[in-house]
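To start, the structure itself, in structure tokens.
The values are calculated or read from the model by the stated rules, or taken from the named source; none is laboratory data. Owing to the predicted nature of the structure, the values given are computational and were not obtained by experimental measurement. Cβ atoms come from the backbone with ideal geometry, glycine included; neighbour counts cover every protein chain shown. SASA here: full protein model, heavy atoms, side chains in, ligands and nucleic acids out. Shrake-Rupley method; radii C 1.70, N 1.55, O 1.52, S 1.80 Å.
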Amino acid sequence: MIQSTAPRANPTRKRVKAKRQPVSFTLIITAGYFLLLAMLGGGVVEWSPAYMTLSAATLIAAFTIAWVDGGRALCDVPLLGRLALAGIVLLPLLQLVPLPPALWHAAPGQEVRIQTLGLVGLADTWQVLSLSPFDTATAALMAAGFVVSMAAVMRLDDAGFVRLLDIAVGVVAVGMLLGVLQVLSDGQFPRFHAVNTGATLLGFYANKNHMGLIIACMIVLFGLVVGRRYLVARARGPVIGIISLFAFICIIPTNSRAGLAFGAIALLVVFADLTKRVPSRYRIAALVGTGLLAVLLMSSTNVQLAMQRFNDVDDDLRWRILEWSKPLAERYYLLGAGGGTFVPIFNANEHLSWVKPTYVNAAHNDYMQLVIEFGIPGLVVLALLALSVLQCIRPMLSLPRHSPHRWEMRFGMIVIAMFAIHSLIDYPLRRPAGWAFFVLALAALYRGRASQDNVSLK
């Protein structure tokens, strides 16, 4: 009989568990900053406790990134993107630099200001270009927050970025559940902002259109990226389909026309992906089921209210605000009136016949407002950002079909397109809670492009 020479297991030896990968310090900072932006940045930009907290968080995050990583955080951003990010920070700061009288007198739109300062003998003193320095300083701080969050997300490794996308889905899911409570309590609980809009699903936001857009972004993010990673192929279709439909149903009580439109687009994108290899009979069954569900939803009060608002598009006040804003764009198109100055200069130029019980807080067209506040330099920065996005199309198409970066880039392209379209009729990037998700989409494109460049170099 041959005795085994293999060492026997020691019964007194404790079983050693596999160590879990520790959460990186970079992810903690980035996720914490993202959560603050998403939960506190959905209201009106003013010097409130929420924005004081975001300002302090921006300074802390900026110092941390500069201390730990120096200038390497944005190395993977394409050159045009880096120029655009630099312009986003520098434009409002340059508008706060005091200029000699000869320079700021020559800027268009300064006539009334010259006359006003002349009454107190200050017309020939050095002045900043901005017509409302405090508002421009606030805009500069928010612009810095955008770039800081972009740098923080770009510093993450692939595993950290994946976790951050999971957190983004979780934040929107929590917002939807809180929104259901808001609908059931007629807007009384939970209430995060001063204005009570009744039985409207808002989550952490004060603007129903922004909440609708973010839910649509979450549908795309979960359907194309997060759901594909956690669900096995057999369960992927039904689970993603059910969750996406539930998210779309949550858009209905927001009473947002734009939200419904973007939610429908998001559903089509996700369902088109899920049914690529599904037999035709199942596709037909799914269409019939979706049609029956749509008929049931059409009978609800919220859907009827939203559909009635589609009939009132021609009478929407936002078109008149856009028309009233054109003279301001013609006056300040060269250098702009200053970041964040739309409200004071609109109020100063508003005709008595325009005065309504409602408060005009934005041009409801971010491109028009960009021209008014930053002029041609603002359009140049926007063009650089758009070109950097277009540069990512070819790398996205060249990635393998099953590459996680390819799906993340698809999510990024779709979400950026939705933000760009929504900016024609609203101001989704004027709120930190909105541009926090835009940063994720933009980072997904830049990170995917950088991964393709690294493969090409090997």
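For segment 122-149, enumerate the residues that are among the aliphatic types (A, V, I, L, M) and closer than 18 Å to S24 by Cβ.
V148
For P327, which of the numbered conditions (1) within 21 Å of V239 (Cα to Cα); (2) at pLDDT 80 or above fails to hold?
(1)
Could you please find all residues in segment 163-221 being surrounded by fewer than 19 Cβ atoms within 10 Å (Cβ to Cβ) and of a type in the set (K, R)?
Once the filter is applied, which keeps residues that are surrounded by fewer than 19 Cβ atoms within 10 Å (Cβ to Cβ) and of a type in the set (K, R), segment 163-221 yields R163, R191.
Pairs under 6 Å by beta carbon, first residue farther than 14 Å from T138 by Cα in segment 25-50, partner among the basic types (K, R) and in a loop (DSSP other than H, G, I, E, B), six or more apart or different chains?
G42/R431
Condition test on L379, is it more than 17 Å from the chain's Cα centre (by Cα), open to solvent by 50 Å² or more (accessible area, probe 1.4 Å), more than 27 Å from V270 (Cβ to Cβ) and not hydroxyl-bearing (S, T, Y)? Spell out how you get there, then give the answer.
On the way: more than 17 Å from the chain's Cα centre (by Cα): yes; open to solvent by 50 Å² or more (accessible area, probe 1.4 Å): yes; more than 27 Å from V270 (Cβ to Cβ): yes; not hydroxyl-bearing (S, T, Y): yes.
The answer is yes for L379.
Quick one: V360 ticks every box in (1) open to solvent by 50 Å² or more (accessible area, probe 1.4 Å); (2) at pLDDT below 95 bar one, so which box is it?
V360 satisfies every listed condition except (1).
Could you go through segment 83-92 and let me know if any residue there is over 25 Å from G339 (Cα atoms) and in a helix (DSSP H, G or I).
no
Conditions tested, residue by residue: (1) farther than 23 Å from A159 by Cα; (2) at pLDDT 95 or above.
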| site | (1), (2) |
| --- | --- |
| L387 | yes, yes |
| L397 | no, no |
| E408 | no, yes |
| M413 | no, yes |
| A417 | yes, yes |
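Let me confirm something: among L297, L293, L267, L245, which residue is surrounded by 12 or more Cβ atoms within 10 Å (Cβ to Cβ) and at pLDDT below 65?
On the way: L293 fails: at pLDDT below 65; L267 fails: at pLDDT below 65; L245 fails: at pLDDT below 65.
The conditions single out L297.
On the basis of being touching a residue at least 40 places away in the same chain (Cβ under 8 Å) and either β-branched (V, I, T) or open to solvent by 20 Å² or more (accessible area, probe 1.4 Å) (or both), does A139 make the cut?
Working: touching a residue at least 40 places away in the same chain (Cβ under 8 Å): yes; either β-branched (V, I, T) or open to solvent by 20 Å² or more (accessible area, probe 1.4 Å) (or both): yes.
Criteria met by A139.
Would you call V112 at pLDDT below 95, assigned to a helix (DSSP H, G or I) and more than 30 Å from A73 (Cα to Cα)?
yes
Do the conditions hold for T275, that is, is it of a type in the set (V, I, T) and either modelled with pLDDT of 70 or more or touching a His at 6+ places or on another chain (Cβ under 8 Å) (or both)?
yes
Go through A139, A235, A206 for me and flag whichever is in a helix (DSSP H, G or I) and within 25 Å of A362 (Cβ to Cβ).
A139
Any chance you could count how many residues in segment 419-431 are open to solvent by less than 10 Å² (accessible area, probe 1.4 Å) and either modelled with pLDDT of 95 or more or not in a helix (DSSP H, G or I) (or both)?
Selection size over segment 419-431: 4.
So G237 passes all but one of these: (1) crowded, with 24+ Cβ neighbours inside 10 Å; (2) more than 18 Å from the chain's Cα centre (by Cα). Which condition number does it fail?
(1)
Could you check segment 37-74 and list, in sequence order, the residues that are in a loop (DSSP other than H, G, I, E, B) and open to solvent by 60 Å² or more (accessible area, probe 1.4 Å)?
Our first condition is that a residue be in a loop (DSSP other than H, G, I, E, B); within segment 37-74, this holds for 41-48, 70-71.
Once the filter is applied, which keeps residues that are in a loop (DSSP other than H, G, I, E, B) and open to solvent by 60 Å² or more (accessible area, probe 1.4 Å), segment 37-74 yields V44, E46, W47, G71.
Out of the residues in segment 105-119 meeting the condition of being open to solvent by less than 40 Å² (accessible area, probe 1.4 Å) and among the aliphatic types (A, V, I, L, M), tell me which one is farthest from the chain's Cα centre (by Cα).
L117
In the set A123, A159, A102, which member is open to solvent by 40 Å² or more (accessible area, probe 1.4 Å) and without any contact (Cβ under 8 Å) to a residue 40 or more places away in the chain?
A102 is the lone residue from the list that is open to solvent by 40 Å² or more (accessible area, probe 1.4 Å) and without any contact (Cβ under 8 Å) to a residue 40 or more places away in the chain.
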